[in-house]
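A short worksheet on the structure shown next.
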Amino acid sequence: MDFNDTPEEAEFRAEAHAFLSQHLKPKTPGALRSGGREDFLERAKAWQKTKAEGGFAQITWPKEIGGRGGTVMQQVIWGQEEAKFDAPTGPFAIGLGMCVPTVIAFGSDEHKKRYVEKALKGEEIWCQLFSEPAAGSDVAGLKTKAVKDGDEWVINGQKVWTSGAHYSDFGILLVRTDPNVPKHKGLTMFIVDMKQKGVEVRPIHQASGGREFNEVYFTDVRISDKDRLGEPGMGWKVALVTLMNERLAVGGSPGPDWKEIMDYARSAGTMSDQAFRARLADWYVAAQGYKLTKFRTQTALSRGETPGPENAIGKIINANHLQDICNSAIEMQDHFGIIVDKDDAPSDAIFQESFMWAPGLRIAGGTDEILKNIIAERVLGLPQDVRVDKDKTFAEMN
Amino acid sequence: MNFDFSDDQKFLRDEARKFLEAQCTMAQVREVLDDDEKSHNAGVWKQIVEMGWLGAAIPEEYGGLGLGMLELCVIAEELGRVLAPVPFGSSAFFFAEALKLAGSEEQKQALLPKVADGSLIGCIAVSEGPGEIKAGNIATRLKDGRISGTKIPVTDGDIATHAIVLVKDGSGESLVIVDLSQSGLSREPIKTLEPTRSHATISFDGAAAELLGEAGSGMALLDQINDRAAVLLAFEQLGGASRCLEMANEYAKERVAFGRAIGGNQAIKHKLADMYVKNEVARSNAYYGAWALSSDAAELPEAAAAARVAASEAYWFASKENIQTHGGMGFTWEVDCHLFYRRAKLLAVQAGSPAVWKEKLVSALEAKND
């Protein structure tokens, strides 16, 4: 039992670190977002190009399509090292992590030639269009429809919670092509040009006040049958491949953790509160639980094993943990805790900011409840939930 | 990154599990539960002694197997799974570790081989009354090499042959080793929440005692002994918590209500998923404790405390919700759920309750981040 790299892993880590040091500055708080959104996107594109040219863009992809032909463990190591620098990576995570692998798995040779290299070099950005207002956890119940018209399909409907839709060039779009079969069987996946006529992107005004996600409306959008990924009706299978490709979370906690609230308590002189001390211990144990469970996953990866659905626990722990810490920090500040103005709020308002993010984290990418179902069904082998629509056609249920 | 046990250690785990599932069944645990005269299961104990496990982490020069702390962690988890009704923890986690940590060469030579071969059963006698034991509230006195006072409760105190006792002496607090076969003391078994592990009141009246470590170093030594034992107890707790989840899971798939297995209801599914999450958090923290323990890392105090806090929470939750999942059946004497609920509580308060360990953890974090 140790925390050391194998000699091969150490060699790769050194190589990755050297490359990063050559191109980026070590992480400093706030540096990434200074300069505004447009500037961030340009810097992200430039960094993606640099990575691609250096052979670090997609570590696990085969060399033939521009990857490194490396291991998942190397990808984890790269993620750890990249996180030590001010690397603008966000805009490519979904495209390269989920969408383009789906194109590689189900697209034609022309698709691969047309899209893969440009995505890898950061010249084109992709988004994923699955969720809908009436299809969140039950995404297979989606309603956006595609009707065949000659060798084209005509798309009408609405997607929601689409990260990066406003700056994306292409998307993978899951739609209903046959309502007269059970919901999972009537879906088809397409590549969609996000800049074409009939595609309208509207930012969502989130409960947190920000506008990071979008609604996407499709009005008589025409897609060539050639841009279909997989056979008609096979869309759910294709979507599962997309979701399987979800990147291994390599980052740390998404907001203030035990250390930040301890620092605040010390500065505020409230460390002697026994109730607070007991909770601080719980937060440390949860944070360690999250971090160390990832180490166990990495150990499995390092041995060439594939981690299973047990990874769902990370997000359950993390999101609730963040919400609890922020709530406690605010209550510790008493009436003053209500202030979000960074000039007045303690700790630059990090607790107040994450307090409003935390509810979203508990929902995005699988709600707490869905993740618990995944653990119960796929890890513990408990029966599936009752599905009253199981043997009914989509049309019958809607 | 190699944050896991080795193949050899996993082999040991598999062998231990096979052995204990065959030789230490719930029927054997119940022999102790249902018989007030029985302090432990002598047959199971004899076989465990013969396996040499008591000496797993005792160096070969002192008669042990000389395997290491990770191997002892593996064994602890397996003993926890079967609720082994034997004084293993008292002898191996506390007594032997205390000697390894603070014993003189002579003491180690004299006593460790006997722990390893089972001819000596060790225990630790600290508590004297309700609440955390602290430097100021110890009544047991050491004077001229003899001790007087009462320790209650002492886990495995009625079957142990030797005890490490926390005492007050002129220069502060000290730890002493006491041979329990002598006449200057009396022992009385006491009833506890956990009848499958025996407990006693030990009254010392001029019993001969020899110092373990420096005079006056008692509290500091006790802290270090508890840090080591905490990691091992965490594995024992983890074993029990894992069994609770397995029991609840099996029952939820079998038990039919309203026309389907109750495990198909989200109220049960999510409860069991919560158990799983807590158990995994406990497992990860326990592994870190094992790493710190086996590598003599400076991080041991916070690693041990985190392992202990996580394991106590996981076992508490799993043992109570296992009963709940079993419904009325779970509240019967015949169904085993209550045995885990009992053991969970003993292991949570032995060597300091969760509140004590949380405070230790936060103090360690404060010291580290000064």
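The numbers here are math on the coordinates, done by the rules we state, and not lab data. Just so it is clear, the model here is predicted, and its values are computed rather than measured. Here Cβ is always computed from backbone atoms with ideal geometry, including for glycine, and neighbour counts include all displayed protein chains.
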Dipole magnitude (debye, nearest 20) for the range A:116-250, charges at Cβ of Lys, Arg, Asp, Glu = 260 debye
note = CD proxy, 222 nm, chain B: helix-only mean residue ellipticity via -39,500 (n - 2.57) per DSSP H run with n ≥ 4, per residue, nearest 500, stands at -17000 deg cm²/dmol
ask   = Can you give the angle from 0 to 90° between the axis of helix A:109-120 and the longest principal axis of chain A, with both taken from C-alpha atoms, to the nearest 10?
value = 20 degrees
key: Assigned charges on the beta-carbon of Lys, Arg, Asp, Glu; chain A dipole about Cα centre (debye)   = 600 debye
note = Taking Cα atoms, the helix B:266-294 axis meets the longest principal axis of chain B at an angle in degrees (rounded to 10) of 30 degrees
query = Straight-line reach from A:K25: which lysines have Cα under 19 Å away, leaving out those fewer than 8 places along the same chain?
reply = A:K45, A:K49, A:K51, A:K84
message = Output needed for the protein assembly as shown: three equivalent-ellipsoid semi-axes, defined as square roots of 5 times the C-alpha gyration tensor eigenvalues, in descending order, whole Å.
response = 56, 29, 24
ask   = In µm²/s, what is D for chain A at 10 °C and 1.306 mPa s, where D = kT/(6 pi eta Rh) by Stokes-Einstein and Rh is the Kirkwood radius from Cα pairs?
value = 69 µm²/s
query = Which residue, chosen from A:S168, A:I204, A:V100, occupies the Cα position most advanced towards the positive end of the dipole of chain A, where the dipole is computed from +1 (Lys, Arg) and -1 (Asp, Glu) charges on Cβ about the Cα centre?
reply = A:V100
query = Within the range A:258-379, how many Lys pairs sit with Cα atoms under 22 Å apart, leaving out pairs fewer than 8 places apart on the same chain?
reply = 9
ask   = Where the only charges are on Cβ atoms (+1 Lys, Arg; -1 Asp, Glu), what is the dipole of the range B:272-370 about its Cα centre, to the nearest 20 debye?
value = 260 debye
Proximal lysine pairs, the range A:106-231, alpha carbons under 15 Å, eight or more residues apart or interchain = 11
ask   = What is the count of Lys pairs in the range B:219-368 whose alpha carbons sit under 30 Å apart, if the two are 8 or more places apart or on different chains?
value = 25
request  = State log₁₀ I(q)/I(0) for the range B:317-370 at q = 0.15, 0.25 Å⁻¹ as given by the Debye formula over alpha-carbon point scatterers of equal weight, solvent excluded.
outcome  = -0.56, -0.88
ask   = How big is the Kirkwood radius of the range B:122-216, worked out from every pair of different alpha carbons and given in Å to one decimal?
value = 13.1 Å
